[in-house]
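Asks: If you scroll down you'll find the structure; I have some questions about it.
The values are calculated or read from the model by the stated rules, or taken from the named source; none is laboratory data. None of these values were measured; they are calculated from a predicted model. Here the Cβ positions follow ideal geometry from the backbone for every residue, glycine too, while neighbour counts run over all protein chains shown. To get the accessible areas, we keep the full protein, side chains included, count just its heavy atoms, and leave off ligands, DNA and RNA. Shrake-Rupley method; radii C 1.70, N 1.55, O 1.52, S 1.80 Å.
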Amino acid sequence: MKRIAILNGPNLNLLGTREPGVYGHQTLEDLEASWVAFGQAHGVEVICFQSNVEGELIDAIQANGFDADAILINPGGYTHTSVAIRDAIAAVDAPVYEVHISHPEAREEFRKTSLVREVCAGGVSGLGVRGYMTVLESIIFK
């Protein structure tokens with residue numbers, strides 16, 4: 001059975017209430033339930049994890065990065081600041097896909113640089129929460 005990990009970084013636990021004009025009205029719990037259900041419907045185990053703590057995200061990358069078929073990660077603000085998350089992604093065997101709800105390049109100047117992008121297998125941004133499912137579908141139906 002395929003196994004895909006979906007990892008979410010800081011402040012994504014506030015989906016549904018945090019800047020709904022940018023991030024939408026769905027909660028992370030609702031989204032996670034839909035990803036898990038979609039995976040089950042297609043014989044894929046989907047594991048979801050969220051943390052506001054950089055080290056916990058690194059631990060999750062390492063814990064899943066050698067056994068999972070793929071990792072989807074939205075590093076949140078760590079996208080622009082964390083060499084440690086970048087190094088963890090580069091160290092694992094599983095392909096990692098960078099996902100962003102908004103389009104960082106269209107936002108503040110400091111968001112235009114992704115430290116993780118060059119070590120990811122691909123990614124999507126600016127499609128809202130639908131971006132996660134777009135990447136999940138592409139992995140499952142690959």
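Asks: Give the residues of the stretch 48-87 whose amide nitrogen is closer than 18 Å to a point set 7 Å from the Cα of SER34 in the direction of its Cβ.
Replies: Answer for the stretch 48-87: 48-50, 72-74.
Asks: For the full complex of protein chains and a 1.4 angstrom probe, list PHE38, PHE49 by accessible area with the highest value first.
Replies: Per-residue accessible area, sorted high to low, gives PHE49, PHE38.
Asks: If you don't mind, another one. Calculate how large, on average over all directions, the projected area of the Cα convex hull of the chain is; give the answer in nm² to one decimal. Don't skip to the end; give the middle numbers.
Replies: Working: hull surface 29.9 nm².
Average projection, Cα convex hull of the chain: 7.5 nm².
Asks: Under a 5 Å amide H to amide H cut-off, with H placed in plane at 1.01 Å, what residues pair with SER125 once short-range neighbours are removed?
Replies: Distant-sequence amide H within range of SER125: HIS100.
Asks: With label points built 7 Å along Cα→Cβ from the Cα atoms of VAL83 and ARG3, find their separation and express it in nm.
Replies: 3.2 nm
Asks: Rounded, prolate or oblate: which fits the stretch 8-89, taking a ≥ b ≥ c as square roots of the Cα gyration tensor eigenvalues, rounded meaning a/c under 1.5, else prolate when a/b beats b/c?
Replies: Oblate is the answer for the stretch 8-89, as a/c is 1.5 or above yet b/c matches or exceeds a/b.
Asks: Further question: What is the packing order of peptides 17-24, 132-139, taking the mean over residues of other C-beta atoms within 10 Å and listing the highest first?
Replies: Highest mean packing first, the order is 132-139, 17-24.
Asks: If you count the DSSP beta bridges with both ends in the chain, what percent of them are antiparallel, to the nearest 5?
Replies: Beta bridges within the chain, antiparallel portion: roughly 0 percent.
Asks: Run lengths n ≥ 4 of DSSP H only: what is the helix-derived mean residue ellipticity at 222 nm for the chain, with -39500 (n - 2.57) per run over all residues, to the nearest 500?
Replies: -10000 deg cm²/dmol
Asks: Amide H neighbours of LEU72 under 5 Å, at least 5 residues apart or on other chains, H built in the peptide plane: list them.
Replies: Distant-sequence amide H within range of LEU72: ALA5, ILE6, LEU7, TYR97.
Asks: Using θ = phi - 60° and the Karplus curve 6.51 cos²θ - 1.76 cosθ + 1.60, what whole-Hz ³J(HN,Hα) does each residue of the stretch 22-39 get, with Gly and Pro shown as x?
Replies: Rounded to whole hertz, the list is 9, 10, x, 10, 6, 7, 4, 4, 5, 5, 4, 4, 5, 5, 5, 5, 4, x.
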